[in-house]
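Trainee: Mind looking over this structure? Questions follow.
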Amino acid sequence: MTSSELHPLQDGAAALRLLHDGDLDLEGRLVDASNTTLRAVLTLDGVRARCVYKPVRGERPLWDFPDGTLADREVAAYLVSEGVGWDLVPPTVLRDGPLGPGSCQLWIDEPTDADPLVGFVPADAVPPRWFPVAAARDEDGTPYALAHADDPRLARLAVLDAVINNADRKGGHVLAGPDDRLYGVDHGVSFHVEPKLRTVLWGWAGRELPPDAVEALDQLAFLLAGDLGEELAAHLTIGEIGALGGRIERLRDTGRFPLPPQDWPAMPWPPI
């Protein structure tokens, strides 16, 4: 990459224009992803930046989500994140590419010195201000805990996941960005009309929502009845938008983080 590389937070409008209109050149495939996930370089007017391109044709069929809809759900998650004003999802658009239409999301380079916020830690040495959320053992039988930090940025992401009904919040989908920012990625299995929340961020389960989350939910409900609802209509069904509104209302009414489900796996697999 050159000195003309776009900083992810430098200019949101410029980032969206680059994602929409930039020339997209593939670099390689992320082999650990279950669906076709490609890293690419975007170039427009001398500006270059990396992105993640997920073509619709590379989506693996799922029993509980309609075929060919995961890219739209990635974009919808970004639109909701922008509506709430928390900038938790990197800029994401739906566009054509070398393998056809797909989602295109700005690549986030994690700082090499970023402290992890989610992970497995020795069961007897959970860091201060961390929540253990599940027990585990390694191949030798040594006990570990799956845990995450009591960090307000993660708490906001947990609220966003509850709103969008994210069925796959793995620890590896939480990225540290520049300027001490935090991002959530991989939202293709979100916005189902049925409750499907699966996450590693259960540390606040049942606790009161922070005041900024309550304000954000009020803002989302207002926007969903107007411009945000119209934008989401290009990516979600009427039923999915209605279910989104219902989740926002329930969270606002209870004023608490949701509890793990009893009839649905609470954790994604693998969790990291």
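Trainee: State in Å² the accessible area per residue of the chain; use a 1.4 Å probe, count heavy atoms of protein chains only, and round to the nearest integer.
Mentor: Heavy-atom accessible area per residue stands at 49 Å².
Trainee: So, in nm, how far is label ASP179 from label PHE222 when the simple model puts each one 7 Å beyond its Cα toward the Cβ?
Mentor: My value for the distance between the label points is 2.4 nm.
Trainee: Would you work out the relative contact order for the chain, in percent, from Cα pairs under 8 angstrom that are 6 or more residues apart? Walk me through the intermediate numbers first.
Mentor: On the way: 492 pairs, mean separation 45.2, N = 272.
So the answer I get is 17 percent.
Trainee: Distance between Cα centroids, the range 25-88 to the range 92-115: provide it in whole Å.
Mentor: Cα centroid of the range 25-88 versus Cα centroid of the range 92-115: 6 Å apart.
Trainee: To continue, here is another question. Tell me the trypsin sites (Lys or Arg not before Pro) within the range 123-195 that lie in a loop according to DSSP and have at most 13 other beta-carbon atoms within 10 Å. Please report the intermediate quantities before stating the final value.
Mentor: Values: sites: ARG129, ARG137, ARG153, ARG156, ARG169, LYS170, ARG181; in loops: ARG129, LYS170.
Here the sparse-neighbourhood loop sites are ARG129.
Trainee: Could you sort ARG50, ARG17, ARG250 by accessible area so the largest value comes first, with the probe set to 1.4 Å? It would help to have the intermediate numbers written out before the result.
Mentor: Details: ARG50 50, ARG17 120, ARG250 145 Å².
Output order, biggest surface exposure first: ARG250, ARG17, ARG50.
Trainee: Compactness ratio of the chain: Cα Rg over 2.2 N^0.38 Å, N = residue count? The partial results should precede the final answer.
Mentor: Numbers: Rg = 18.5 Å, N = 272, 2.2 N^0.38 = 18.5 Å.
Normalised by 2.2 N^0.38 Å, the Cα Rg of the chain equals 1.00.
Trainee: Identify the chymotrypsin sites (Phe, Trp or Tyr not before Pro) of the range 15-93 meeting these criteria: DSSP loop state and at most 11 other C-beta atoms within 10 Å of the C-beta.
Mentor: Values: sites: TYR53, TRP63, TYR78, TRP86; in loops: TRP63, TRP86.
In loop regions of the range 15-93 (DSSP not H, G, I, E or B), the sparsely surrounded chymotrypsin sites (Phe, Trp or Tyr not before Pro) are TRP63.
Trainee: Return the ratio Rg/(2.2 N^0.38 Å) for the range 106-184, where Rg is computed over Cα atoms only.
Mentor: Details: Rg = 13.7 Å, N = 79, 2.2 N^0.38 = 11.6 Å.
The reported ratio for this selection is 1.18.
Trainee: Let's see if you can work this out: charge +1 on each Lys and Arg Cβ, -1 on each Asp and Glu Cβ, no other charges. What is the dipole magnitude of the chain about its Cα centre, in debye to the nearest 20?
Mentor: Working: 24 positive and 43 negative charges, 97 e Å.
Around 460 debye, computed over the chain.
Trainee: Two decimals is fine: what's Rg over Rh for the range 63-151, C-alpha atoms, Kirkwood radius as Rh?
Mentor: Working: Rg = 18.5 Å, Rh = 16.5 Å.
Checking Rg against Rh, the ratio lands at 1.12.
Trainee: Next up: Over the range 1-153, what per residue volume does the convex hull of the Cα atoms give, in whole Å³? Intermediate results must be reported in sequence, preceding the final value.
Mentor: Numbers: hull volume 25.6 nm³, N = 153.
Hull volume over Cα atoms, normalised by residue count, gives 167 Å³.
Trainee: For the chain, what % of the accessible area comes from carbon and sulfur atoms, probe 1.4 Å? Present the calculation step by step, with values, prior to reporting the outcome.
Mentor: On the way: 6960 of 13320 Å².
With neighbouring chains kept in place, the figure for the chain is 52 percent.
The values are calculated or read from the model by the stated rules, or taken from the named source; none is laboratory data. From a predicted model like this one, the values you see are computed outputs, not experimental measurements. As a convention, Cβ positions derive from the backbone with ideal geometry for all residues, glycine included, and neighbour counts pool all protein chains shown. Ligands, DNA and RNA are stripped out before the accessible areas are found, and what is left, the full protein with its side chains, is counted by its heavy atoms. Shrake-Rupley method; radii C 1.70, N 1.55, O 1.52, S 1.80 Å.
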